[in-house]
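The values are calculated or read from the model by the stated rules, or taken from the named source; none is laboratory data. Computed from a prediction, not measured in an experiment: that's the story for all the values here. Using ideal geometry, Cβ is built from the backbone for each residue, glycine included, and neighbour counts are taken over all protein chains shown.
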Amino acid sequence: MHSIGMMPAHTMKVEFYKHPLGEEEIASLAEVLHSTFLTTGPKTKQFEADFAHMMRAKYAVGVTSWTMGGFIALKALGIGPGDEVITTPMTFMATGNIIIECGATPVFVDVEPETGNISCDEIVKAITPRTKAILPVHLYGQMCDMRRMQEIAREYKLFIVEDCAHCVEGERDGIKPGEASDMAVFSFYATKNLASGEGGAITTNSEELYDKLLKLRLHGMNKSAADRYTARFKHYDMEVLGYKCNMFDLQAAMLLPQLPRLEERLARREYICRRYEEAFKNVEGISYPSVLPNSIHARHLFTFWVDPSIRDLVLSDLQDRGIGVAVNFRSINRLTYYKEHFKVPEGTFPVAERIGDSTITLPLYTKLTDEEIDYVIEQTIESVQMLSRTEQLSAA
């Protein structure tokens, strides 16, 4: 036990995240550097084909980020001014931002207390004549109830675009991300389970949407550089107003060697999460989101919940103890931009706001050693118990 702000003598340094990339990714990058195409070329096409197959989708479109992928997915559906898109406040800000960038209005609804995922009951309550789509987020890697959401979308004639930034490996009720929606958007950001520093992909089973996405990711052009220059020259045309967010071969080169190792890496993260859950399950003052039955949790993040009165103190104390931590996420309606522009008063989403005020994210990655896991567990329990006692004494 130690005073807040003083580093204990036995401190171990445990980084919040360490990427697992190594020699295979370096060799794949070198192959691209020695080839003709650095931009969208054969590696990107190979990755798109392999990723689509893995996700049981007909098509995959590689992009430069989840944000741009989500944006052009909404644009491909024609979402714009006057439209409403129902989504969750318990997510990263990009989920709401892309709706606004399309000129549409994000309509936030509260979440399930056991998972933090969007509540289907709340979705139904929020549907209006202006509602065009639902944008669910598979929080931390636990899939939402896509079977029920698909039924809601069919009944009200709505689109679904899934935010799968946390959920490459997830499954629920026999459904993978993207199988019960119009499109699913994935992130390959530096800390994701499948990572290329920056990057993303969209999967779909619609040939019409696939063709639109290919154009929207590259200025609206009907031919990429590879299409134009790998055979006899072909003139391009611009058929729609597009953007610039095409995945390039250097990104794809980092991603391809990781695909066969996803299952093995998930098993290690599952082991770490179960160690955390077993250690914390009977500790007063600590709780954590549920893993639902009949599902495969992608185990992207491990978060736990403490009393909001001590959350920030625990964050600071764990950092003093050498443990990297984060908060995933604050409820979006608490962020300044959303407060000022949407005037949603605090208390509107009590479950999401409570989770956002209670959450701490612990290290979770395949390079985490058993010794480091033990240290994180020991220090987390000690910190929460110490600060809970201090808070109780102050309140008395």
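Some notes on this structure:
- Scan of the range 126-150 for residues that are more than 16 Å from residue 77 (Cβ to Cβ) and touching a residue at least 40 places away in the same chain (Cβ under 8 Å), ordered by number: 126, 127, 128, 137, 138, 139, 140, 141, 142, 143
- Residues that are of a type in the set (Ser, Thr, Tyr), free of Cβ contacts under 8 Å to residues at least 40 places away in the same chain and either over 16 Å from residue 311 (Cα atoms) or touching a strand residue (DSSP E or B) at 6+ places or on another chain (Cβ under 6 Å) (or both), drawn from the range 349-396: 369
- Members of the range 314-343 found to be part of a loop (DSSP other than H, G, I, E, B) and either within 24 Å of the chain's Cα centre (by Cα) or of a type in the set (Lys, Arg) (or both), listed by number: 321, 324, 325, 327, 328, 329, 330, 331, 335, 343
- Selection status of residue 161, part of a loop (DSSP other than H, G, I, E, B), touching a helix residue (DSSP H, G or I) at 6+ places or on another chain (Cβ under 9 Å), among the β-branched types (Val, Ile, Thr) and in contact (Cβ under 8 Å) with a residue 60 or more places away in the chain: no
- Residue 251, sole failed condition from (1) surrounded by 14 or more Cβ atoms within 10 Å (Cβ to Cβ); (2) in contact with a strand residue (DSSP E or B) (Cβ under 8 Å, 6 or more places away or on another chain); (3) assigned by TED's automatic domain parsing to the domain that holds residue 368; (4) over 12 Å from residue 141 (Cβ atoms): (3)
- Counting residues in the range 42-51 that are among the β-branched types (Val, Ile, Thr), in a helix (DSSP H, G or I) and touching a strand residue (DSSP E or B) at 6+ places or on another chain (Cβ under 7 Å) gives one or more.
- Test: residue in the range 274-285 that is among the hydroxyl-bearing types (Ser, Thr, Tyr) and surrounded by fewer than 17 Cβ atoms within 10 Å (Cβ to Cβ): no
- Count of the range 177-201 residues, restricted to those that are within 17 Å of residue 141 (Cα to Cα) and under 15 Å from the mean Cα position of the chain (by Cα), is 16.
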